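First comes the structure, then the notes that go with it.
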Amino acid sequence: MEDIIKVEGVCKAYGDHKVHEKLDLNIKKGECFTLLGPSGCGKTVLIRLIAGHETPDEGKIIIDNTVVADSATGEYIVPERRGLGIVFQDYAVWPHMTVTENVAYPLKMEKRPKAEIDQLVQRMIEIVGMKGLEKRLPSELSGGQQQRVALARALVADPSVMLLDEPLSNLDANLREEMRFEIKALQRQFGITVMYVTHDQEVALAISDRIGIMDAEGKLRQIGTPYEIFERPADLFVFKFMGIANFLKANKNAGKWCVGTGSQEIPWEGPTGNAAEWVCGFRPSDVAINREGQGLKGVVKRSNFLGNTMDYLIEIDGEQLRTEVETHEAITQNLMFKEGDELFITFRALHWFDAAQLKEVEEF
Amino acid sequence: MAKGTIKQDSGFGVAQLILLVSILVLVIFVAWPVLLILFNAFFVDGSFNYRDFYAVLTEPETFQALKNSLIIASMTTIGSTIVGTFFAWLVTRTDLPYKTFMKSLFLVPFMLPSFIGALAWKMLLSPNSGYINKFLMDMFNLQEPVFNIYTYMGISAVEVMYLFPFVFIQVCGALERMDPTLEESARISGAGLFTITRKITIPLVMPSIMSGALLIMLYSMAHFGTVAMLGIEQGIYNVPTLIYEKIHQSGGSFESIRTGTVLATVLVVSAACIIWANQKVLSRGHYQIIGGKSFRPMELKLRGLRWPLLIFCLAYIGFTIVLPTVVIFLVGGVSTYGLPLTWENLSLDNYKYILFEYDVTRDAIFNSVALGLAAALITMFAGVIISYVIVKMKVRGKGILEFLGMLPFSVPGSVIALGVILAWSGQFGINLYNTVWIILVAYIARYMAFSLKANSAALEQVHDSLMEASRSCGATMWQSLKDIVIPLVRPGMISAFFLIFLPALRELTVSIMLYAPTTRTIGVAIYTLNEDGETVMSTALAGIALILIVVGQTLINHFTKKAGE
């Protein structure tokens with residue numbers, strides 16, 4: 001599919017602090033693209049560059065086949081002529097205007113006929129579920145309701161692209177879950193392109209067609225579908241950023257890859273590549289445990305009952321890992337372990353990473 | 001690749017234009033006059049000469065004025081700090097009856113211009129003809145007057161009466177915002193009330209007390225009205241009154257201008273030092289524990305002292321506010337100063353005369369109202385633009401503006417007046433001297449600080465994203481300013497307007513140095529009529545001024561309450 005936003009070789013610095021260096025990014029028409037990264041990595045700066053609230057020091061930004069900013073030619077199109085809808089982290093709902101006035105503002109700027117404005121605004125307010133609150137001022141609305149107003153305002157003028165900057169971070173957990181499905185539903189309903197910026201990997205997995213992972217230096221580590229990012233992480237940073245991870249150091253012993261400094265062979269295909277040292281990574285849910293049988297032999301160091309699940313800390317030849325088993329499964333399968341019990345471990349999934357990356361990631 | 005190549009819509013850029021205009025306004029109105037003063041103080045015949053500066057400074061007359069300024073300012077500061085802190089503690093931390101009402105009563109002295117207060121006290125306590133002195137002498141058959149207001153003590157006492165609210169407001173705020181759990185935990189640990197006050201409360205509010213005291217010091221050093229009313233007759237001059245006397249009597253000779261600029265330089269430097277010290281005190285005292293939230297503070301039970309202390313407070317207000325105001329209106333009602341204040345001697349004739357017939361006072365009222373309105377409007381709009389650049393815009397060269405924006409806060413009124421004389425009396429092509437415009441120019445410089453303060457506070461409340469949201473909704477920069485920014489800072493602009501209009505209405509320090517026979521302001525008319533012996537006319541005009549001020553203040557309270565809703 002055609003690219004609607006193209007970011008080409010963009011550099012942006014504030015004083016000595018380089019936020020982006022030679023950044024390239026393409027967003028396809030009609031997709032929901034999430035830019036995921038730790039706080040302070042420059043996601044918001046990128047959104048502001050695309051929206052036109054900042055200008056790139058170097059590079060080019062193209063929206064809908066129109067160059068909106070190009071440092072080489074000095075071209076710059078002001079924010080109001082870029083045809084984007086934006087939802088800000090702090091909502092930015094205008095406190096002196098009612099819900100209706102807020103939502104109608106983009107249409108008024110387009111000088112549409114009054115009857116059309118009224119009809120579109122009314123429809124939009126209904127879509128975001130704010131019917132009956134039209135006359136209220138933002139100070140009389142809850143955070144979630146203000147967020148809906150901001151969404152309605154961003155969508156009402158039918159923009160080609162909607163940019164969302166951490167729009168859910170100020171909401172409580174329940175509302176956040178509800179709103180993220182609504183945003184996805186609205187995106188499908190309107191068929192518009194969404195660029196979503198967040199540091200919350202759960203939201204990203206739930207709503208995205210594609211995800212881009214950005215590291216703290218503003219570099220894009222991997223772009224792919226949620227499934228690709230989760231199951232085939234490009235590197236250790238991506239793997240670690242997407243959830244709780246275990247890492248076991250490995251040593252090569254007579255052609256076999258073994259845990260830690262011991263001699264138990266890791267029951268998975270060995271790494272290919274030429275790193276000096278390797279670690280294997282896996283999530284707690286990728287670990288299968290047994291009382292007896294095949295696999296790595298380990299000892300339970302800590303056993304925690306967490307209600308739905310049992311959480312175990314296991315030591316194998318000096319290396320530690322965490323795993324969890326559903327409580328009722330643990331009871332029926334005889335997998336309730338006490339501290340000091342021995343058990344056997346196999347893997348459902350496992351990734352090999354260059355051990356040097358582990359150090360790099362830990363420095364963040 | 002240079003950043004500048006990114007083209008704004010128009011070649012030069014709206015941002016740069018606004019920045020340039022803002023810098024120009026501050027340079028022309030504030031920085032240039034001050035620079036001229038420094039230049040004239042240090043350069044003789046075009047060459048740098050600090051020896052001459054020193055020589056002028058050590059002349060007996062100038063040195064005495066400096067000493068007087070320091071003595072009066074120190075006494076006023078100590079007095080106001082004690083009075084302000086005591087009353088602040090009383091209305092926030094005790095169970096004094098009618099506390100909220102008393103708190104608003106203690107803010108009333110702010111409304112009363114201190115030179116009008118001084119005029120009233122002169123009539124009450126002047127050694128020969130003061131009503132109180134005469135009353136006491138008759139009563140006890142004394143040969144000598146009991147009080148003499150024409151002394152350091154008298155001048156300072158009058159200044160304390162009308163300046164202590166500076167400390168009162170600051171300390172009230174600190175005491176109200178202080179987390180009471182700090183005191184409660186000390187009490188639980190077994191500390192007595194005296195220990196808690198000494199070890200916990202006072203150290204926590206000390207920065208606020210210091211800050212209020214420094215503000216009073218700054219104000220009193222550069223204060224003209226009270227010293228002019230009560231000191232000049234006895235030869236007590238402070239720095240501003242000496243500058244006035246020099247400029248006024250010599251008709252602007254080189255020698256007097258030079259003495260004036262040297263004294264003004266001393267004022268500017270001491271003002272800068274005081275402001276620097278104030279910022280140090282406030283930043284050091286930035287305790288987390290004095291939060292923005294309002295708590296219910298621990299209250300001291302006054303027990304048997306409750307009613308006596310309330311009566312003491314009411315007596316203080318009665319003595320410092322009611323009594324002088326009543327005297328003003330009564331003396332304004334008699335035909336000749338000195339007549340006993342009895343019913344048959346009182347009439348409204350003086351008031352009618354000065355309002356409708358007497359040219360001097362009619363002109364003065366018109367001038368003051370017109371100047372106040374013009375200065376308030378111009379300064380309000382200039383202030384909102386300059387604050388907008390300082391608070392919101394990202395343009396190169398903003399640092400210059402930030403520095404220039406600090407200047408109006410540290411330049412005392414008499415310095416501005418002198419600088420304006422140097423800048424606008426013909427040496428540089430434009431001669432505004434002896435016209436009403438030179439007063440307007442000086443007012444703009446003098447009140448820019450108020451406008452910058454009110455407008456930046458309002459603008460800081462307007463988050464950047466509100467403007468960015470409207471830009472992304474299709475509004476141009478001007479449209480966004482009109483639809484989003486201006487409506488949101490309107491309360492700040494309105495309060496800036498009144499913060500300028502009311503003080504301008506009663507201004508004396510600046511206008512007294514710049515007036516011509518037809519360009520008197522209310523303050524100047526009151527002062528000059530009093531000097532010329534037209535005491536009753538002067539007093540009647542003071543009464544009219546008080547009415548105008550009270551009406552204006554009531555309007556402000558009404559508007560600001562509305563804006564707060």
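The values are calculated or read from the model by the stated rules, or taken from the named source; none is laboratory data. Nothing here was measured: the structure is a model prediction, and the numbers come from that model. Note that each Cβ is placed from the backbone with ideal geometry, even for glycine, and that neighbours are counted across all protein chains shown.
See the values below:
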{"quantity": "Test: residue in region B:131-141 that is surrounded by fewer than 16 Cβ atoms within 10 Å (Cβ to Cβ) and touching a residue at least 40 places away in the same chain (Cβ under 8 Å)", "calculated": "no"}
{"quantity": "Residue, nearest to the other protein chains (Cβ to nearest Cβ), within region B:429-459, restricted to residues that are in a loop (DSSP other than H, G, I, E, B) and polar (S, T, N, Q)", "calculated": "B:Thr435"}
{"quantity": "Residue within region A:125-146 that is under 20 Å from A:Asn170 (Cα atoms), crowded, with 17+ Cβ neighbours inside 10 Å, under 33 Å from the mean Cα position of the chain (by Cα) and within 14 Å of chain B (Cβ to nearest Cβ) present", "calculated": "yes"}
{"quantity": "Which listed residue, of A:Ala206, A:Ala173, is free of Cβ contacts under 8 Å to residues at least 60 places away in the same chain, within 11 Å of the chain's Cα centre (by Cα) and surrounded by fewer than 19 Cβ atoms within 10 Å (Cβ to Cβ)", "calculated": "A:Ala206"}
{"quantity": "Candidate set from region A:91-118 (those that are more than 14 Å from chain B (Cβ to nearest Cβ) and part of a helix (DSSP H, G or I)); member that is surrounded by the fewest Cβ atoms within 10 Å (Cβ to Cβ)", "calculated": "A:Ala115"}
{"quantity": "Residues satisfying the stated conditions in region B:245-271, i.e. among the polar types (S, T, N, Q) and in contact (Cβ under 8 Å) with a residue 60 or more places away in the chain", "calculated": "B:Thr259, B:Thr261, B:Thr265"}
{"quantity": "Scope region A:210-235; condition without any contact (Cβ under 8 Å) to a residue 40 or more places away in the chain and in contact with a Phe, Trp or Tyr (Cβ under 7 Å, 6 or more places away or on another chain); matching residues", "calculated": "A:Arg221"}
{"quantity": "Qualifying strands (runs of 3 or more DSSP E) (wholly inside region A:123-224; at least 3 residues being closer than 13 Å to A:Val87 by Cα)", "calculated": "A:161-165, A:193-198"}
{"quantity": "B:Asn68 vs. criteria exposed (fewer than 15 other Cβ atoms within 10 Å of the Cβ) and either in contact with a Phe, Trp or Tyr (Cβ under 9 Å, 6 or more places away or on another chain) or at positive phi (or both)", "calculated": "no"}
{"quantity": "Region A:206-233, residues that are closer than 18 Å to A:Asp286 by Cα and either touching a Pro at 6+ places or on another chain (Cβ under 9 Å) or not acidic (Asp, Glu) (or both)", "calculated": "A:Pro226, A:Tyr227, A:Ile229, A:Phe230, A:Arg232, A:Pro233"}
{"quantity": "Residues of region B:90-130 classified as crowded, with 22+ Cβ neighbours inside 10 Å and among the polar types (S, T, N, Q), total", "calculated": "1"}
{"quantity": "Yes/no for A:Lys60 being within 13 Å of chain B (Cβ to nearest Cβ) and of a type in the set (Lys, Arg)", "calculated": "yes"}
{"quantity": "Some residue of region B:460-469 being surrounded by fewer than 20 Cβ atoms within 10 Å (Cβ to Cβ), part of a helix (DSSP H, G or I) and hydrophobic (A, V, I, L, M, F, W, C)", "calculated": "no"}
{"quantity": "Strands (runs of 3 or more DSSP E) fully within region A:1-79 counting 2 or more residues that are β-branched (Val, Ile, Thr), over 24 Å from the mean Cα position of the chain (by Cα) and in the same structural domain as A:Gly212 (by TED's automatic domain parsing)", "calculated": "A:66-70"}
{"quantity": "Residue check for A:Val121: more than 9 Å from chain B (Cβ to nearest Cβ), aliphatic (A, V, I, L, M), more than 28 Å from the chain's Cα centre (by Cα) and farther than 24 Å from A:Gly52 by Cβ", "calculated": "yes"}
{"quantity": "Test: A:Lys22 is basic (Lys, Arg), within 20 Å of A:Arg221 (Cα to Cα) and more than 14 Å from every other protein chain (Cβ to nearest Cβ)", "calculated": "no"}
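Conditions tested, residue by residue: (1) out of contact with any Asp or Glu (no Cβ under 8 Å at 6 or more places or on another chain); (2) more than 18 Å from B:Cys473 (Cβ to Cβ).
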position	(1), (2)
A:Ile117	yes, no
A:Glu126	yes, yes
A:Ser139	yes, yes
A:Ala150	yes, no
A:Ala154	yes, no
A:Ala157	no, no
A:Asp165	yes, no
A:Leu175	yes, yes
A:Arg180	yes, yes
